[in-house]
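J.: Okay, here's the structure, questions in a sec.
The values are calculated or read from the model by the stated rules, or taken from the named source; none is laboratory data. Here the structure is a predicted model, which is why all the values come from computation and not from measurement. FYI the Cβ positions are ideal-geometry reconstructions off the backbone, even for glycines, and counts take in every protein chain you see. Please note that ligands, DNA and RNA were not included when accessible areas were found on the heavy atoms of the full protein model with its side chains. Shrake-Rupley method; radii C 1.70, N 1.55, O 1.52, S 1.80 Å.
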Amino acid sequence: MKNRIPPILSLWFLITIALAIFVGISFSDDISIGNHTLSKGYFPETLLAKEETLKIDTITADTVSVATKEIVIEPDTTVHNVLIFGDSMTHNLAMSIARYGTKNNYKVTGVTWESSSIPGWRSSDKIRKYISQTKPDFIIVSLGSNEMELKNFDRRIPDVEKIVEQIDSIPFIWVGPPLWKEDKGVYAMLEEALPKGVLFKTDQNIEIPRGGDHIHPSRHGAEVWADTLMRWIAHSPHPILTEVPDSGTSTKGHKFIYLHPND
C-alpha cells in the first residue's frame, strides 16, 4: 500500500508556499504583466519603520542620559555670611578667604582655636555659638592637623559625625590639613566620616609654602592655599562665588577671632 500524505499537511504546505510568494513579491520591485502592474504592498515598510522607531527611541534615551551627566551646578549667589573655624592652621587661611569675600560680596568670620582638635570642637559649645552669632549661609571647617599622631583613627569618626550634626543643614566643606609629615590615616578617617564630595584634600592639590616652623603655612602659603581651595569650591557640591580678588584687595569689614588653648 502506498503511503499517502495526510490532507492537513498538504494544506499547510500550500499555505507556506503562498506566504513565501507573498513575502517575496512584497520585497521585490513592482511586477508588470502586459498592461497590468502588480505593486508591492506596505508590509516591508511597516516592518522597517518599526525597527527604525526603536533605534530612534534608543538614541533619544542615550542622549538624555548624556545630557543629564553634563548638568553644571551654578554658584549660590545668596551666600552673604561665611564662617570658617578650626585649629591654628585656620587664621591665615581665613584672612585670605576674606579677600574673596570682599570681591564677591559676602562677609567672612574666621574662628581660630589654637591647638584645638576634632573632639575639642565636638564637645564644646563653640560651633553652635558662632553659628548663632554669625548666621552663616556657608561653612568651612579646617581641622585634622592635631590628629596626625593618633594610633587609632577610627576613634575620631564619631566626633567628625557629631560636628557635621551640629552644622545641621548649612552647606559646608571640610578642608583637610596641610600635612608636614607622612599621613598615617587622617585623610582616610575624614573620607569615611564625611559626606561624599565635601572633603578638600589639601596635599593632593597643592604644595604649600611653610613658615619658620616648617609646619604652618606662611602668609604667602595661605594665599596659595586659599586660591586653590576656592577654585575647588567652585566645582564642589556647594559652589559659591569665587571670582579672584586683586592682590591688594582689603580684608576690612571681616571678623577674625583667635582663641587660646584654654578658652
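J.: Residue pairs, Cβ under 9 Å, 6 or more apart or interchain, first in region 241-263 and farther than 22 Å from Lys126 by Cβ and touching a residue at least 40 places away in the same chain (Cβ under 8 Å), second open to solvent by 60 Å² or more (accessible area, probe 1.4 Å) and assigned to a loop (DSSP other than H, G, I, E, B). List them.
T.: Leu241/Thr77; Leu241/Asn105
J.: Determine the pairs where a residue that is free of Cβ contacts under 8 Å to residues at least 60 places away in the same chain and open to solvent by 10 Å² or more (accessible area, probe 1.4 Å), located within region 162-175, has a partner that is among the aliphatic types (A, V, I, L, M) and part of a helix (DSSP H, G or I) with Cβ atoms under 6 Å apart, the partner being 6 or more residues away or on another chain.
T.: Gln166/Ile127
J.: From (1) surrounded by fewer than 19 Cβ atoms within 10 Å (Cβ to Cβ); (2) within 30 Å of the chain's Cα centre (by Cα), pick out the condition that doesn't hold for Asp213.
T.: Status for Asp213: all satisfied but (2).
J.: For Asp227, only one of the following conditions fails: (1) farther than 24 Å from Lys103 by Cα; (2) of a type in the set (D, E, K, R); (3) at pLDDT 95 or above. What is its number?
T.: The single condition Asp227 does not satisfy is (1).
J.: Quick one: how many residues across region 148-161 are farther than 24 Å from Ser236 by Cα and crowded, with 22+ Cβ neighbours inside 10 Å?
T.: 1
J.: How many residues, within region 140-172, are in contact with a helix residue (DSSP H, G or I) (Cβ under 6 Å, 6 or more places away or on another chain) and part of a strand (DSSP E or B)?
T.: 1
J.: Being touching a residue at least 12 places away in the same chain (Cβ under 8 Å) and not hydroxyl-bearing (Ser, Thr, Tyr): is that true of Asn152 here?
T.: Judged against the criteria, Asn152 is not a match.
J.: Can you name the residue in region 75-125 that is within 23 Å of the chain's Cα centre (by Cα) and over 20 Å from Val224 (Cα atoms) and is also surrounded by the fewest Cβ atoms within 10 Å (Cβ to Cβ) among such residues?
T.: Thr78
J.: Among the numbered criteria (1) among the hydroxyl-bearing types (Ser, Thr, Tyr); (2) under 24 Å from Thr78 (Cβ atoms); (3) open to solvent by 60 Å² or more (accessible area, probe 1.4 Å), which one does Ser236 miss?
T.: (3)
J.: Taking the condition surrounded by 14 or more Cβ atoms within 10 Å (Cβ to Cβ), over 16 Å from Phe85 (Cα atoms) and at pLDDT 95 or above, does Asp203 pass?
T.: Here the answer is no, as Asp203 does not meet what is asked.
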